[in-house]
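Input: a single structure, listed below in structure tokens.
The values are calculated or read from the model by the stated rules, or taken from the named source; none is laboratory data. This one's a predicted model, so the numbers in the text were calculated from it and none came from an experiment. Every residue, glycine among them, receives a Cβ derived from its backbone with ideal geometry; neighbour counts consider all protein chains shown.
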Amino acid sequence: MARLLAFTALVRVKSIESLRYSAPGEWGKLIGLNRIPEVRTLRSKIKQLTQDEGPQQWSEALAASHGERTRGLVVPRRRRAVVLSES
């Protein structure tokens, strides 16, 4: 499901509801399935993923583990990159 959401964002699909009007088999081929799930299934899965504090905890754990592996964070700007490092 994450791949499907990522590809729909890249293609700039405005909402999940608009997937109803596209061929489910074509999207399925793109993500490696026979067809994509129905829209109501996608909505229920997104609801399950965003309940409680789960996403916040996952984000904090990911940020903490990423900070341990790297010494700095590169933040891209319009014309140049700004490198923030631990000093």
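Before moving on, here are some points about what is shown:
- The one condition in (1) surrounded by 11 or more Cβ atoms within 10 Å (Cβ to Cβ); (2) modelled with pLDDT under 80; (3) small (Gly, Ala, Ser) that Ser87 fails to fulfil: (1)
- Restricting attention to segment 36-84, the residues that are at pLDDT below 75 and aliphatic (A, V, I, L, M) add up to 7.
- Close pairs from segment 1-27: first closer than 16 Å to Ser44 by Cα, partner of a type in the set (Lys, Arg) and in a helix (DSSP H, G or I), Cβ under 7 Å, at least 6 apart: Met1/Lys45; Ile16/Arg43
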